[in-house]
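A short write-up of the structure that comes next.
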Amino acid sequence: MGNVFLNLMDQDEVKKIIESLKIYRKIEKIDLSDVYQRILAEDIYAVIDLPPFDRAAMDGYAVRAQDTFGASEDNPLSLDLIEKIGAGDVPLKKVAKGKCTEVGTGAPMPEGADAVVMVEFTNLEDETVQIYEAVAPGMNVSARGSDMKKGEKLLSEGSLLTPERIGALSAIGMSQIPVFSKPTVAVISTGNELIKPGQELKYGKLYDINSETISNAVKACGCIPIISKIVKDDYDTIKNKIHEFKDTDIIITSGGTSAGAGDVLRQVVDDMGRVLVHGISVKPGKPTLIGTLPGGDGDIILFGLPGYPVSALMIFNAFVAPFLREIAGNSGHQQKKEFLTLKLSRRYHSARGRSHYALAKIKDNLAIPILKDSGAITALAEADGYFEVPKNVEIIEKGEKIQLIPFHNL
C-alpha cells in the first residue's frame, strides 16, 4: 500500500480532521523565574489583599484628615511629629488629635491616621510640621485591597505570561506556577541523498534543509523540537526511528510520502497505526500524510510532510502550525493573519483542480510571483509571503488584486 495515494482530500476536509484529533495538554509547575512567555494552565486567585495593608501613596505626613481642615498657605496649621517610618517599617505610635507621622511612599499607615499630606505642602521646624493644604480622608493613601481583594481572580487559564502578569504573580507571593507543558515534537528528515550541514558534499548528495527549518518553526509554535538523525528511505529504518520517538507528543517527518517505489512512510504508518490523510488537493504539498500511532498517554499524531523544503514549510504553516499552537495552549496569543491587498505584477497560471499556495515578494507595492519549484529553498528566502489561489481559478491576470499573507504573521 506504500505506492498509492488515498483519495485526494480538499484542504477544508483535512483541516476538519486535524481539528478532530484529541488534544492532551500536560501541566507542570515551574519556578516563577522561568515562566516568561509560558501559558498559564489554571485560573489564579489572589491569596492576599493587594495591597495587604493601608499604605502611603506619597512621601509626606500621615494625619487625621479632620486635623487639616482649614489649612492654607495663608493659614497653616501645626501638628506635632511623633514618628518617622519608611517602606518596610512597622509603625509603633498611634496618630492622635494634633499629631502626625512622617511617612515614605509605600510605608504602612499608622493607626489613627486616615490621609497623607504631601511633603510639598508642609514645612518641618524642629518637631512641628506646618500644614499648608487640607486633605480629605483617604487622600494619598492606597487602601488595603484597593487593587485586588483576597479571593478575586487574578489571571485566567490560557494567559500568556508577560512581564506585567509575572509581576502580578509575584505580588501575591507565588513561586511555583502551573503552566502547560511544552509539547515535544520529533523532527525526522528522511532521504538517502541527505547529509548534515558541515559534512563533505559528495556528488549526488544534498544538505538537509528541513531539520533546521521545521525545528525552528516548531519552536515558534511554543513546542520543543527534538531533531533526529537523518533516516534512510527503507521500511525498517523508518519504522525503528518512529518507534524510538514513541514518548513524544507529535512526530513530524519530511520526505518519504510520495507514491514512488522508495517512499515507504505510508506503509510504515499503516502497519504501526492508522493513516487518516494521504494526499491533499493543494500545490505544493499534495503527498502530505497524516496518521496516528499508539503512544504511552494516548495516540501520537504523525505529520508526514513532503521532502521539498518549500512544500514542507508551506504545509507546516497551513496545517501543522495551528494544531501545534492549540496543543501548546498558545493559539490565542499568535498574531492573527493579516492580509495585504496588493495588485499582481504579472499574469499568474495556477494548477488545475487544486488550491495553490503561491510565493510572492513585494516591490513597489506590487506582489511579484516567485516562479521557482518547490525544491528551491531560495524561493522562501526571497519571498515576503504567499497568496492562495482557489482550486477553481486557473489564471489571475496582471493588475488583479490578491491577498498576500506575510510570513512574519506565520
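The values are calculated or read from the model by the stated rules, or taken from the named source; none is laboratory data. As the structure is a computational prediction, the values presented were derived from the model and not from experiment. Heads up, the Cβs are rebuilt from the backbone with ideal geometry, glycines too, and the neighbour counts pull from every protein chain shown. Please note that ligands, DNA and RNA were not included when accessible areas were found on the heavy atoms of the full protein model with its side chains. Shrake-Rupley method; radii C 1.70, N 1.55, O 1.52, S 1.80 Å.
A few comments on the model shown:
- Scope the stretch 287-297; condition in a loop (DSSP other than H, G, I, E, B) and open to solvent by 10 Å² or more (accessible area, probe 1.4 Å); matching residues: Pro287, Pro294, Gly295, Gly296, Asp297
- Filter result (touching a Lys or Arg at 6+ places or on another chain (Cβ under 9 Å) and farther than 30 Å from Phe53 by Cβ) within the stretch 166-184: Val179, Phe180, Ser181, Lys182, Pro183
- Checked against the criterion of being open to solvent by less than 70 Å² (accessible area, probe 1.4 Å), charged (D, E, K, R), farther than 30 Å from Val389 by Cα and touching an Asp or Glu at 6+ places or on another chain (Cβ under 6 Å), the candidates Asp43, Asp67, Asp49, Asp80 yield just one match: Asp43.
- For Leu169, the conditions (1) open to solvent by less than 30 Å² (accessible area, probe 1.4 Å); (2) part of a strand (DSSP E or B) all hold with the exception of (2).
- Restricting the stretch 100-112 to residues that are over 45 Å from the mean Cα position of the chain (by Cα) and open to solvent by 20 Å² or more (accessible area, probe 1.4 Å) leaves a set whose member that is nearest to Asn75 (Cα to Cα) is Glu102.
- For the stretch 218-241, a residue qualifies if it is part of a loop (DSSP other than H, G, I, E, B) and out of contact with any strand residue (DSSP E or B) (no Cβ under 8 Å at 6 or more places or on another chain), and the qualifying residues are Cys221, Lys229, Asp234.
- Test: residue in the stretch 259-282 that is in contact with a Phe, Trp or Tyr (Cβ under 8 Å, 6 or more places away or on another chain), modelled with pLDDT under 95, part of a loop (DSSP other than H, G, I, E, B) and more than 19 Å from Lys241 (Cα to Cα): yes
Okay, residues lined up against (1) touching an Asp or Glu at 6+ places or on another chain (Cβ under 7 Å); (2) among the β-branched types (Val, Ile, Thr):
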position	(1), (2)
Met174	no, no
Val179	yes, yes
Val187	no, yes
Glu193	no, no
Glu200	no, no
Leu206	yes, no
Lys219	no, no
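- Consider the stretch 119-153 and keep the residues that are over 50 Å from the mean Cα position of the chain (by Cα) and in a strand (DSSP E or B). The one that is nearest to Ala65 (Cα to Cα) is Ile131.
Every residue, every condition in (1) among the aromatic types (Phe, Trp, Tyr); (2) under 30 Å from Ala41 (Cβ atoms); (3) surrounded by 14 or more Cβ atoms within 10 Å (Cβ to Cβ), yes or no:
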position	(1), (2), (3)
Pro183	no, yes, yes
Thr190	no, no, yes
Gln199	no, no, no
Tyr203	yes, no, no
Leu206	no, no, no
Asn210	no, no, yes
Ile214	no, yes, yes
Cys223	no, yes, yes
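- The test for being under 16 Å from Thr190 (Cβ atoms) and open to solvent by less than 30 Å² (accessible area, probe 1.4 Å) does not hold for Ile300.
- Cβ separations smaller than 8 Å between residues 6+ apart or across chains give the following pairs from the stretch 338-365 residues that are more than 18 Å from Glu397 (Cβ to Cβ) and in contact (Cβ under 8 Å) with a residue 60 or more places away in the chain to residues that are of a type in the set (S, T, N, Q) and buried (at least 17 other Cβ atoms within 10 Å of the Cβ): Gly353/Ser281; Arg354/Ser281; Ser355/Gln11; Ser355/Ser281.
So that you can scan it fast, the table gives a plain yes or no per residue for (1) farther than 30 Å from Asp126 by Cα; (2) within 21 Å of the chain's Cα centre (by Cα):
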site: Leu8; (1), (2): yes, no
site: Lys16; (1), (2): yes, no
site: Ser20; (1), (2): yes, no
site: Asp31; (1), (2): yes, yes
site: Ile48; (1), (2): yes, no
site: Arg64; (1), (2): no, no
site: Pro76; (1), (2): no, no
site: Leu79; (1), (2): no, no
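- In the stretch 85-99, residue farthest from the chain's Cα centre (by Cα) [restricted to those that are open to solvent by 50 Å² or more (accessible area, probe 1.4 Å) and farther than 18 Å from Ala65 by Cα]: Leu92
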